[in-house]
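Every number in this text was worked out from the coordinates using simple rules, so none of it is lab data. Not measured: the values here are computed from a predicted model. Heads up, the Cβs are rebuilt from the backbone with ideal geometry, glycines too, and the neighbour counts pull from every protein chain shown.
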Amino acid sequence: MTTYLLLSSGRGPRECEWAVAEIAKKLEAATRTARLETVPGEHPGTFRSILFEIEDDEVARTWTGTLCWQAPSPYRSGIGRKNWYVTAQPCTLETESPAFDEDDVDMVPIRTGGPGGQHRNKASTAVRATHRPSGLVVVVDTERQLSLNRKIALRLLRERLESAGVAAERDAITARWRVHDDLVRGNPARTFRASDPRGTRSPRPARDR
């Protein structure tokens, strides 16, 4: 099962961006991945975030949460802190809306009341259109000809499905960026050191030194 995992430095300092780059190498060594999107950090070779596609769902699960990279800062000397936290969270990847196909629409002529006189009440000139894949339904009775109402119904379905697709894409992007604010420092799911090729899983909470 494919999982999308976002590795993010959150709002942390540049060392956290360096930690993202280093932990990304560990993840890529542990399982088959693909980098779908990267946001570069302040220094060359560092990243604010990387969006991974991971085929192994179990690997993605065990890597989810706060991750700790333990190493002295390569940018600032004389500071005691050696723990740099990043977060890895599953996220939704926005997808393109499927192409609208008129063959996926069921059209049913119906009778409606309202303006138009006696002829309109007797003739089934209105139409109920159902888009089967999405379940979206529209009823159109604005015209006195069935063919015109069918065209309007198809146009309305197309427009509403496109709007729904845009909204879903916007929500997915918003949720992904929210991960940057959700970093919880301390009690990491994994801790890594430069000399440790795989990382220590589920350690005791690390303390900044």
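Entry remark, segment 20-48: residues being free of Cβ contacts under 8 Å to residues at least 12 places away in the same chain and hydroxyl-bearing (S, T, Y) number 0 in total. Identify, from the list A21, A29, the residue that is under 20 Å from R193 (Cβ atoms), surrounded by 15 or more Cβ atoms within 10 Å (Cβ to Cβ) and not acidic (D, E). Within the list A21, A29, the selection yields A21.
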